1. On the Cα set of the stretch 23-69, report Rg and Dmax in Å, please.
2. What does the accessible area per residue of the chain come to in Å², with a 1.4 Å probe and no ligands, DNA or RNA counted?
3. Computed FRET efficiency, Cβ-Cβ of Asp9 and Cys162, R0 35 Å: what is it to the nearest 0.05?
4. Tell me, what is the percent relative contact order of the stretch 102-187, built from C-alpha pairs under 8 Å that lie six or more residues apart?
5. For the chain, with a Gaussian network of springs between Cα atoms less than 10 Å apart, report the residue from Tyr97, Tyr137, Tyr121 with the top mean-square fluctuation.
6. So which residue, out of Ala140, Ala99, Ala68, gets the largest mean-square fluctuation from a GNM of the chain using Cα contacts under 10 Å as springs?
7. Rank-order 123-134, 14-25 by packing density, defined as the average count of other C-beta atoms within 10 Å over each peptide's residues, highest first.
8. Out of the total accessible area of the stretch 69-162 (probe 1.4 Å, heavy atoms of protein only), what percent is carbon and sulfur?
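The values are calculated or read from the model by the stated rules, or taken from the named source; none is laboratory data. This one's a predicted model, so the numbers in the text were calculated from it and none came from an experiment. Ideal geometry is used to build each Cβ from the backbone, glycine not excepted, and the neighbour counts take in all protein chains shown. Surface areas here come from the heavy atoms of the whole protein model, side chains and all, with no ligands, DNA or RNA. Shrake-Rupley method; radii C 1.70, N 1.55, O 1.52, S 1.80 Å.
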Amino acid sequence: MTYTKTEIDGLWIIDPNVFCDSRGYFMESYKEREFEQHIGKIHFTQDNESCSPQGVLRGLHYQLEPYAQSKLVRVIQGKVLDVAVDIRKDSPTYGKYVAVELSGESKRQFFIPKGFAHGFYVMSESAVFIYKVDNPYTPARERGIRFDDPAIGVDWRIIPDCPLNTSEKDRNAPFLNEADNNFENNQ
């Protein structure tokens, strides 16, 4: 696998080695020892999967400490624009984001540590999105930030003439400067 640091500390793009022949393909999607050598020790405890049609935008989500989640995300079918926003209050990149196109074709993965809000937009007819987390979903600690917060300015690459489909919770999430947040850069 190839591990590439992004312009924001802590975010990594991971491109697996894919071996193709007449039978199809084979790849290792996660290798603990190699992951730890590049990124560090993360104890993933749960795998999640969602399927969404084109135009769905989920996010920007995170959980407060001590239930914050690191995520290793990928798409196994379709294509999404995946976004991570730095919400570590004393970080030099606070409020900045990285957007990565993930698809079943590229098999690219994106690692998002604690201290980031996360979301994705489905660009294909549908997408199957899977991710590992190191803490279970904890509804009482779940928080969100408006996906269209102008202070962040995410370019979601919204498809023209395709209705945007978001949850009421995501449409009504607070802006970054109003969001409940207990992250510091040293985490």
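1. For the stretch 23-69, the Cα-based Rg and Dmax read 15.4, 45 Å.
2. Heavy-atom SASA per residue in the chain reads 52 Å².
3. Rounded to the nearest 0.05, the efficiency is 0.55.
4. 36
5. Tyr137
6. Of the options given, Ala140 has the highest mean-square fluctuation.
7. 123-134, 14-25
8. Heavy-atom surface of the stretch 69-162 belonging to carbon and sulfur, 1.4 Å probe: 47 percent.
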